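The next block holds one structure in the form of structure tokens; read it before the comments.
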Amino acid sequence: MTTSQATTGNPPYSQLGTLMMIGWSGAHPEDGHDVPFLLTYSLGDGKDGPETGTEVMGTMLSQAGLLVGGELQDASRTPSLPLTLIVEAGRAVLTMPIFSAQCPVPPEWLAAADHRGQVYGMFATRPWPEAKPGGPVSEEMLRAFAGDEGVIKSSAHCLIPVRALQGRPS
């Protein structure tokens, strides 16, 4: 698990408030190899409150072609999805048309991304105000939020190919 880093959104999405991204890895039960995860979420501190932010986040994700509350998408099989993930210098950088986010990732996350060639992205529409920039996010906090059935069902889920890894030519 890593610390969260703030992102910036474009003006039509200022109602989202502060956007964050956090990365962690965990063992896959079927093959025993770690899976790298990225969670993107809002703090819910937008100018019109968290409920409006939830709606705007859902709209933003839908406009990007992500299925909120739908099945797991594979961006490598859906080239129209405007997601780019570059991993370099110990940081994951995710770019979409209306925002860019980055966060530091630990060595085990890098190893999992290198092994799999993709990252499991979860884009939460529900705000997570407790996970503020610079504040600690414990494993228990992360598990409680990212594992919450309501959060899972109201999020978009996508496998995102890694374009470059540290130590590899781009």
Notebook entry, point to check: If you go through the stretch 143-157 one residue at a time, do you hit one that is open to solvent by 10 Å² or more (accessible area, probe 1.4 Å) and modelled with pLDDT under 90?
Noted result: no
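Each row is one residue, and each column tells you yes or no for (1) in contact with a Pro (Cβ under 8 Å, 6 or more places away or on another chain); (2) farther than 26 Å from GLY69 by Cα; (3) in contact (Cβ under 8 Å) with a residue 40 or more places away in the chain; (4) not in a strand (DSSP E or B).
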position: VAL93; (1), (2), (3), (4): no, no, no, no
position: TRP109; (1), (2), (3), (4): yes, no, yes, yes
position: HIS115; (1), (2), (3), (4): no, yes, yes, yes
position: VAL119; (1), (2), (3), (4): yes, no, yes, no
position: ALA131; (1), (2), (3), (4): no, no, yes, yes
position: GLY134; (1), (2), (3), (4): no, yes, yes, yes
position: GLY150; (1), (2), (3), (4): no, no, no, yes
position: LEU159; (1), (2), (3), (4): no, no, yes, no
position: ALA164; (1), (2), (3), (4): no, yes, yes, yes
Next item on the list: Look through the stretch 1-29, keep the residues that are at pLDDT 80 or above, more than 15 Å from the chain's Cα centre (by Cα) and open to solvent by 40 Å² or more (accessible area, probe 1.4 Å), and return whichever of them is farthest from TRP109 (Cα to Cα).
Entry: GLN15
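Filter the stretch 127-142 for residues that are touching a Gly at 6+ places or on another chain (Cβ under 7 Å) and crowded, with 20+ Cβ neighbours inside 10 Å and give the result.
Scanning the stretch 127-142 gives a single hit, PRO127.
The values are calculated or read from the model by the stated rules, or taken from the named source; none is laboratory data. Remember, it's a predicted structure, so these values are computed and weren't measured experimentally. Please note: Cβ atoms are built from the backbone with ideal geometry, for glycine as well, and neighbour counts cover all protein chains shown. When the accessible area is computed, the model is the full protein with side chains, heavy atoms only, and any ligands, DNA or RNA have been set aside. Shrake-Rupley method; radii C 1.70, N 1.55, O 1.52, S 1.80 Å.
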